[in-house]
Amino acid sequence: MLVIIGIMSVTSCSPPIAGVTGVSVDAEGHPIIVLAWCGGATPEGVDISHYEDTSGPWETMPGPSSAATVVDDVDFIAPSLDGQSASVRLDAPDDGWTVEPRPFVLRPGVLYHAFGYQGRGNNQVNTNHVSFSADSVAELKPGSVLVQRYDERQSPPDWGDVTITREEFDRQGQDPANCQ
């Protein structure tokens, strides 16, 4: 009974998911965040953050530890979006996208986390997040999108990087499994 209550309280604290987030590169090789969403959950922006740990020898390891804190890197503010998908260039947003508080710089050795959002607080709806680094972006080709998927075949089961086509990514954004 306590396990069920614990799970319910953890899951009830997270905003509902209404789409997917990925990272790709445009035709010129510039890094972009891509979003695909469900129904009326059009994102108002994209949040990018990373974990930072300066407590000791693990400070160069990407990802969370007990001494890590979340650093909010930037917030890309979307223009009025039409359709069911969009993208924003990370190094020089255009087409009405703006970035706050400063331009985004993709730093080597940092594992970033990005997601699209609509609303704030109790009214917030997110797209599934994507984790990426400068190295993972450098391996991408135009038309391919990096996402993470849970793989039960791994030992132990864990999330892993998967590269899919942009068309498949857009389809997944409207998949009911990604629209909670």
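Restricting VAL145, VAL99, VAL137, VAL105 to residues that are over 15 Å from PRO43 (Cα atoms), in a strand (DSSP E or B) and aliphatic (A, V, I, L, M) narrows the list to VAL145. The one condition from (1) part of a strand (DSSP E or B); (2) free of Cβ contacts under 8 Å to residues at least 12 places away in the same chain; (3) under 18 Å from THR42 (Cα atoms) that GLY116 does not meet is (2).
If the condition is being in a strand (DSSP E or B) and either open to solvent by less than 40 Å² (accessible area, probe 1.4 Å) or in contact with a Ser or Thr (Cβ under 6 Å, 6 or more places away or on another chain) (or both), then region 163-178 contributes THR163, ILE164.
For region 1-24, enumerate the residues that are of a type outside the set (S, T, N, Q), at pLDDT 50 or above and out of contact with any Ser or Thr (no Cβ under 8 Å at 6 or more places or on another chain). Don't jump to the end; show me each part of the working.
Quick first cut of region 1-24, residues of a type outside the set (S, T, N, Q) only: 1-8, 10, 13, 15-20, 22-23.
With the extra rule that they be at pLDDT 50 or above, the set shrinks to 13, 15-20, 22-23.
Matches in region 1-24: CYS13, PRO15, PRO16, GLY22.
Listed by first and then second residue, the pairs linking a residue in region 99-110 that is of a type in the set (A, V, I, L, M) to a residue that is in a loop (DSSP other than H, G, I, E, B), with Cβ atoms under 6 Å apart and 6 or more places separating them unless they lie on different chains, are VAL99/PRO93.
The values are calculated or read from the model by the stated rules, or taken from the named source; none is laboratory data. Because the structure is predicted, anything quoted here is derived from the model rather than measured. Counting neighbours? That spans all protein chains shown, and the Cβs are built from the backbone with ideal geometry, glycine included. All accessible areas refer to the heavy atoms of the entire protein, side chains included, with ligands and DNA or RNA removed. Shrake-Rupley method; radii C 1.70, N 1.55, O 1.52, S 1.80 Å.
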